[in-house]
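Have a look at the structure below, then the notes.
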Protein chains: 2
Amino acid sequence: MTTTALPASHPLTDGRTADSALVAALRGRRPAHRPVWFMRQAGRSLPEYLEARAGTGMLESCLTPALASEITLQPVRRYGVDAAILFSDIVVPMRIAGVDVDIQPGVGPVFGRPVRTMADVEALPALGTAGDRGFFDSGLDAIRAAVTITADELGHVPLIGFAGAPFTLAAYMVDGRPSRDHMGARELMHSSPEVWDALVSWTSRAAGLFLRAQVLAGASAVQLFDSWAGSLSEADYVAHCAAGSRTALMSVADLDVPRIHFAANAGHLLDAMGSAGATALGVDYRMPLDAAARSTGGRFPLQGNIDPAMLAAPADALTRHVKDVLARGGEAPGHVVNLGHGMPPHANPDVVKRIVDVVHERG
Amino acid sequence: MTTTALPASHPLTDGRTADSALVAALRGRRPAHRPVWFMRQAGRSLPEYLEARAGTGMLESCLTPALASEITLQPVRRYGVDAAILFSDIVVPMRIAGVDVDIQPGVGPVFGRPVRTMADVEALPALGTAGDRGFFDSGLDAIRAAVTITADELGHVPLIGFAGAPFTLAAYMVDGRPSRDHMGARELMHSSPEVWDALVSWTSRAAGLFLRAQVLAGASAVQLFDSWAGSLSEADYVAHCAAGSRTALMSVADLDVPRIHFAANAGHLLDAMGSAGATALGVDYRMPLDAAARSTGGRFPLQGNIDPAMLAAPADALTRHVKDVLARGGEAPGHVVNLGHGMPPHANPDVVKRIVDVVHERG
């Protein structure tokens, strides 16, 4: 981690994205219009995505720079959103590291060898350090290439770097596959806290190196995505997970990019997540943004939180809902409009486009 | 619903259970020791259950009075818990009504015909009214028989009647099977609120009649179990679900039994759930009981909320956790110790027994 500043040719330093609506809102300023993008905007809900990816596996797509870049750009072209987010998957850094993991259609990530003992953790591949040109760092070149191509194409539209959060990565590795309540992980943190801590230490370094590579290659912000932290009490989050998120997020702190932390179903964790290295917080659709602003003492720009289920509502009900989100988001010191969870696979692109138009007209 | 009082021979009126620790705590009194029982205490984690049920399907077991009663009694014998809860499943009333539903091992409830249109709702079987001796009421006789046998056997230990909450039942029926985020139900309530309301009206009457039959046959309290309401914002819960829960719970209000409402993952809904016909609230493991008491203005006795994952912790850590739950529960006007979610299938019965002992010694 020898670099401690962005290169002069980076979009955030060369004048391209520093004054974008997204970066301004994430830094607590009020841009001319409210910026909007959508979690999972790139991918399964777009016909052009299905066409581009036809015949290529999920992880292979993420690791093919031209294809990952094309998929990343598609929603910007179609919707005119205010940010792109790198098309990736939370297990991509593990795959790059050499962990036996694949994404099974209809199931999700499946690991060849679940991690449950100290020996399992010790058998995980070495990650090295940022830029050391070891196995992991070299493997990140495919990600760097995708980011560079994409940022060049995007011009003044910022690209957000992406990583899965250490807790979610560890939960998948303990259970070996998706599980409803992540009981394997939640038990391990109590039954063998030293094994749990060692595993989270590994996942947090993997996530951190993954984010850092994206930022140095041209990402103007990062989002750490915690699918499952909402299954934890605040006490367990603070005791067993916050340090990992902090490690991942602080791995880019010296580069001075906005750091968004989102966890699904985690209204009760927002304040603790803010204290874990974030500069902005994503809010699940269940917690109104004004309540989220209050519960975090107005310390953070907020991102969110249109209910994805509302995409199925009649147009006037959806518009009312979006205006309500805009009004409540106005209570936060900086507001980036987003969904309050990922884009549904069956979302109608015309409806999504209408949301962008409403936000840009009203926001 | 002609009966408006319990019969004189009911356990709650004939002196058997009115002064039990459970009923006292649920009525806001402080019994000599803190009562304890566990959600899903009857069933999959007990070897004697696996033996008793061997070769019998889940729903068939629930509908065979002697077997359902035996399974209900097993945890009382083994653990000395302060209440039994009827061994059942949330889809039992649908099966009794004649809906095409089965429980697939490893999957959960699967419906032959998902309910998504008004025609689908209108095609649901008629439920009749309490005690009308129609098809549904007659089908409830198997449940009445199980309750009567069990209550007789239990003596001074109260039996809790059980039903799945209208939202959860409706969510299963819309998706046709378990789903991670209940998007089908959450979309339907916005896209076709009149269809959704009609479906919830049906599920709430089914749940209400199911609870009422159990109470009249000998249950001394009821619990309405909402597996999935936590997927809703408070606004959606109030607008689209609370009325259904209220219908189900108020179906036994004239009989003056305590009415517990539990929803998983629903700290943000507790206050609204209290206003939906409950006299006591079950609290998920994620929200500390003292915070739950504050968030509901001290209006309700609370039940909970040992983290099921802590059953895997070393003995001293588990004991500390149980003592913490007892201390925080002391802030509520009445406290029934329970898990903060269902018993894990792999729970060690010796560990569960130790929790009961700690509660009875300390509580």
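What nm distances, shortest first, do you get from the label point of A:A315 to those in the other copies when the point sits 7 angstrom along Cα to Cβ?
Nearest first, the other copies' label points are 6.9 nm away.
If you take the accessible area of A alone, add that of B alone, and subtract the area of the pair, what total do you get in Å², probe 1.4 Å, to the nearest 100? Numbers along the way, then the final one.
Details: alone 13660 and 13670 Å², together 25140 Å².
About 2200 Å² of accessible surface is lost on pairing.
Between A:D256 and A:R77, with labels modelled 7 Å along Cα→Cβ, what's the label distance in nm to one decimal, could you check?
Between A:D256 and A:R77, the simple spin-label model gives 3.5 nm.
Can you pull out the trypsin sites (Lys or Arg not before Pro) in the stretch A:123-216 that DSSP calls coil and that have at most 11 other Cβ atoms within 10 Å?
Values: sites: A:R133, A:R144, A:R180, A:R186, A:R205, A:R212; in loops: A:R133, A:R180.
Counting only loop positions with at most 11 other Cβ atoms within 10 Å, the trypsin sites (Lys or Arg not before Pro) in the stretch A:123-216 are A:R133, A:R180.
Treating cross-link reach as a plain straight distance, find the lysines whose alpha-carbon is under 29 Å from the alpha-carbon of A:K353, omitting any fewer than eight places away in the same chain.
Counting by Cα, and skipping residues close in sequence, A:K353 has these lysines nearby: A:K323.
What residues in the stretch B:310-359 lose 50 Å² or more of accessible surface when the other protein chains are added to their chain alone (1.4 Å probe)?
B:A312
Take the alpha carbon gyration tensor of the protein assembly as shown, find the square roots of its eigenvalues, order them as a ≥ b ≥ c, and report rounded if a/c is under 1.5; if not, report prolate when a/b exceeds b/c, else oblate. Intermediate results must be reported in sequence, preceding the final value.
On the way: a/c = 2.06, a/b = 1.69, b/c = 1.22.
Verdict is prolate for the protein assembly as shown.
With a ≥ b ≥ c taken as the square roots of the eigenvalues of the C-alpha gyration tensor of chain A, please select rounded if a/c is under 1.5 and otherwise prolate if a/b is larger than b/c or oblate if it is not?
Details: a/c = 1.42, a/b = 1.26, b/c = 1.12.
It comes out rounded by the Cα gyration axes.
Say a label goes 7 Å from Cα toward Cβ at A:A253 in every copy; what distances in nm does this one have to the rest, shortest first?
Taking the point 7 Å beyond Cα along Cα→Cβ, the inter-copy spacings are 5.4 nm.
Between B:H156, A:F167, B:W196, whose Cα lies farthest towards the positive end of the dipole of the protein assembly as shown when Lys and Arg beta carbons carry +1 and Asp and Glu beta carbons carry -1, centred on the Cα centre?
Value computed over the given set: B:H156.
Just give the residues from the stretch B:216-259 buried by at least 20 square angstrom of accessible area in the all-chains context relative to the isolated chain, probe 1.4 Å, and say none if nothing qualifies.
B:W228, B:S231, B:S233
According to the square roots a ≥ b ≥ c of the eigenvalues of the Cα gyration tensor, what is the shape class of the stretch A:219-288, taking rounded for a/c under 1.5, prolate for a/b larger than b/c otherwise, and oblate for the remainder? Don't skip to the end; give the middle numbers.
Values: a/c = 2.30, a/b = 1.41, b/c = 1.63.
Oblate is the answer for the stretch A:219-288, as a/c is 1.5 or above yet b/c matches or exceeds a/b.
Suppose all protein chains stay in the model; what accessible area per residue would a 1.4 Å probe give for the protein assembly as shown, in Å²?
Details: 25140 Å² over 726 residues.
Ligands and nucleic acids excluded, the figure is 35 Å² per residue.
Ordered shortest first, which distances in nm separate the 7 Å Cα→C-beta label point of B:R177 from those of the other copies?
Shortest to longest, the spacings are 1.4 nm.
Using +1 on the beta carbon of Lys and Arg, -1 on that of Asp and Glu, and nothing else charged, what's the dipole of the stretch B:21-362 about the Cα centre, debye to 20?
Values: 30 positive and 35 negative charges, 151 e Å.
For this selection, approximately 720 debye.
Within the accessible area of chain A, what % is carbon and sulfur when the probe is 1.4 Å and the other protein chains stay in place? Before the final figure, lay out the partial values.
Numbers: 6590 of 12570 Å².
Ligands and nucleic acids excluded, carbon and sulfur reach 52 percent.
In the stretch A:337-363, whose amide N lies under 15 Å from the spot 7 Å out along Cα-to-Cβ of A:A32? List them in ranges.
A:360-363
Tell me, what is the percent relative contact order of chain A, built from C-alpha pairs under 8 Å that lie six or more residues apart? Intermediate values should be presented prior to the final figure.
Details: 736 pairs, mean separation 73.3, N = 363.
Dividing the mean separation by the residue count of chain A yields 20 percent.
The values are calculated or read from the model by the stated rules, or taken from the named source; none is laboratory data. All values derive from a computational prediction rather than experimental measurement. A quick note on method: Cβ atoms are made from the backbone with ideal geometry, for glycine too, and the neighbour counts reach across all protein chains shown. Calculation scope for accessible area: heavy atoms of the full protein, side chains included, ligands and nucleic acids excluded. Shrake-Rupley method; radii C 1.70, N 1.55, O 1.52, S 1.80 Å.
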